[in-house]
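Readers should treat all values here as calculations from the given coordinates under stated rules, not as data from a laboratory. Worth saying up front: this structure is predicted, and the values here are computed from it rather than measured. Here Cβ is always computed from backbone atoms with ideal geometry, including for glycine, and neighbour counts include all displayed protein chains.
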């Protein structure tokens with residue numbers, strides 16, 4: 001029997017066969033959580049689901065957002081496409097996902 005090393009992201013339980021991808025996913029989730037916290041602190045009364053969705057979307061599109069902040073605002077209007085490489089997707093999904101959708105996380109966005 002073979003032993004396969006896996007890395008589990010403690011933020012959402014996703015599991016990866018590659019340590020680098022696991023660390024990138026964890027950084028993505030940390031950024032999303034910090035954006036969510038910022039939104040909730042600056043916009044009193046915002047629904048938690050909405051602030052979390054905004055935080056995840058901005059974290060996912062962080063490279064487009066960075067380009068927009070550096071003088072290319074049109075970057076935010078370019079359709080966002082996730083990578084389809086299956087090596088970048090968690091091997092286990094979070095079963096407590098509120099909308100029931102499985103979401104692939106691209107490592108280099």
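Between residue 80 and residue 41, full extension at 0.36 nm per residue minus the direct alpha carbon distance yields a gain of 11.3 nm. Take the Cβ atoms of residue 31 and residue 4, set R0 to 30 Å, and the FRET efficiency comes out at 0.60.
For region 7-88, the share of alpha carbon pairs falling in successive 10 Å distance bins from zero is 17, 38, 36, 10, 0 percent.
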